[in-house]
1. Exactly one condition in (1) within 18 Å of Gln156 (Cα to Cα); (2) among the hydroxyl-bearing types (Ser, Thr, Tyr); (3) loosely packed, with under 15 Cβ neighbours inside 10 Å is false for Thr81; which is it?
2. Which ones in the stretch 207-251 are under 12 Å from Val36 (Cβ atoms) and among the aromatic types (Phe, Trp, Tyr)?
3. Check whether at least one residue in the stretch 87-110 is at pLDDT below 90, part of a loop (DSSP other than H, G, I, E, B), under 17 Å from the mean Cα position of the chain (by Cα) and under 27 Å from Thr45 (Cα atoms), and report yes or no.
4. Under the condition of being out of contact with any Asp or Glu (no Cβ under 8 Å at 6 or more places or on another chain) and on the phi > 0 side of the Ramachandran plot, which residue from the stretch 36-59 is surrounded by the fewest Cβ atoms within 10 Å (Cβ to Cβ)?
5. With the requirement that a residue be of a type in the set (A, V, I, L, M) and exposed (fewer than 14 other Cβ atoms within 10 Å of the Cβ), what does the stretch 127-148 give you?
6. Within the stretch 175-188, how many residues turn out to be farther than 12 Å from Glu31 by Cβ and in contact (Cβ under 8 Å) with a residue 40 or more places away in the chain?
7. Taking into account only those residues within the stretch 60-78 that are small (Gly, Ala, Ser) and in contact with a helix residue (DSSP H, G or I) (Cβ under 9 Å, 6 or more places away or on another chain), which is surrounded by the fewest Cβ atoms within 10 Å (Cβ to Cβ)?
8. So which of Trp151, Trp162, Trp124 ends up being surrounded by 17 or more Cβ atoms within 10 Å (Cβ to Cβ), touching an Asp or Glu at 6+ places or on another chain (Cβ under 7 Å) and closer than 26 Å to Ser107 by Cβ?
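The values are calculated or read from the model by the stated rules, or taken from the named source; none is laboratory data. Everything quoted here is computed from the prediction, not taken from an experiment. Here the Cβ positions follow ideal geometry from the backbone for every residue, glycine too, while neighbour counts run over all protein chains shown.
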Amino acid sequence: MVAVIRAEGLGHRRNGADILQDVSFGLPPGELVMLVGPNGAGKSTLLHILAGQTAMSAGRLLLQEQDCAQFSRADWARAVTLVPQLSSMGFPLSAAEVVELGGLAHSPSLTALRRQVRAALADWEITYLASRDVRLLSGGEQQRCQLARSWIQVQQPDSCLWLLDEPLSALDLRHQQQCMQRAQQLTAAGKTVVMVVHDLNLARRFADRVLMLSCGRLVAAGTAAAVLTAEQVSQTFMLDVRLEGNVLSWD
């Protein structure tokens with residue numbers, strides 16, 4: 001299988017503790033991949049390693065079958081887009097200026113960049129926020145600004161991987177649906193989306209592939225139906241879980 005991103009024995013240590021250990025997988029193009037697991041399982045750390053923002057202490061990472069060591073930071077940024085879980089702005093930037101940051105890695109002309117910004121603001125329904133100081137927006141509005149910023153970047157021809165760390169946590173139902181539709185739009189175009197989620201039923205509904213982490217290890221990988229079984233979820237989350245139809249439930 002030719003993988004967009006491939007991890008081989010990834011490990012990460014922090015303050016003498018193993019955060020990730022021997023994590024290996026390959027993700028093909030055109031899939032929506034959901035990363036699940038208990039709090040502290042290493043999901044965000046793994047996502048930041050894939051984004052090139054956190055160093056590995058062991059293993060190897062390949063992008064389109066090329067070792068990550070062969071990429072400059074600029075080349076990696078053009079290929080891989082990350083929306084972190086928390087994005088606090090320390091400067092008085094407007095929402096439009098935040099969205100504009102998504103074009104910097106690709107160096108479009110000013111005319112093209114402004115056109116992309118207008119389109120991204122419209123796509124994420126935040127045109128009305130364009131001139132507002134992003135620091136004064138609600139959590140959901142700030143998240144949509146970050147999604148719009150990344151949307152410019154991930155739609156470029158040389159971009160192949162969109163990484164989202166709990167993108168739905170601050171969004172209302174309408175904009176959660178919108179985010180999922182955008183993710184499916186990208187996978188239909190042959191790009192790979194990796195999304196950290198806590199809603200396991202959402203993962204069962206939408207994911208083409210699920211990676212389940214626990215205590216820094218990859219404990220299961222495969223289709224949502226194969227990974228998100230009552231037995232596997234019960235064992236990983238230490239809950240008495242049952243599957244009723246296609247819905248996981250617990251008391």
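1. If we test Thr81 against (1) within 18 Å of Gln156 (Cα to Cα); (2) among the hydroxyl-bearing types (Ser, Thr, Tyr); (3) loosely packed, with under 15 Cβ neighbours inside 10 Å, just (3) comes out false.
2. Within the stretch 207-251, just Phe237 meets the criteria.
3. Looking through the stretch 87-110, at least one residue is at pLDDT below 90, part of a loop (DSSP other than H, G, I, E, B), under 17 Å from the mean Cα position of the chain (by Cα) and under 27 Å from Thr45 (Cα atoms).
4. Gly40
5. Residues of the stretch 127-148 of a type in the set (A, V, I, L, M): 129-130, 134, 136-137, 147-148.
Correct list: Leu136 only.
6. Residues of the stretch 175-188 that are farther than 12 Å from Glu31 by Cβ, as a first pass: 175-182, 185.
Next cut, in contact (Cβ under 8 Å) with a residue 40 or more places away in the chain only: 175, 178, 182.
Residues meeting the conditions: 3.
7. Taking the stretch 60-78 as the starting set, the residues that turn out to be small (Gly, Ala, Ser) are 69, 72, 74, 77.
From what is left, the residues that are in contact with a helix residue (DSSP H, G or I) (Cβ under 9 Å, 6 or more places away or on another chain) are 74, 77.
Working: Ala74: 12, Ala77: 19.
Selected residue: Ala74.
8. Working: Trp162 fails: touching an Asp or Glu at 6+ places or on another chain (Cβ under 7 Å); Trp124 fails: touching an Asp or Glu at 6+ places or on another chain (Cβ under 7 Å).
Being surrounded by 17 or more Cβ atoms within 10 Å (Cβ to Cβ), touching an Asp or Glu at 6+ places or on another chain (Cβ under 7 Å) and closer than 26 Å to Ser107 by Cβ holds for just one of Trp151, Trp162, Trp124, which is Trp151.
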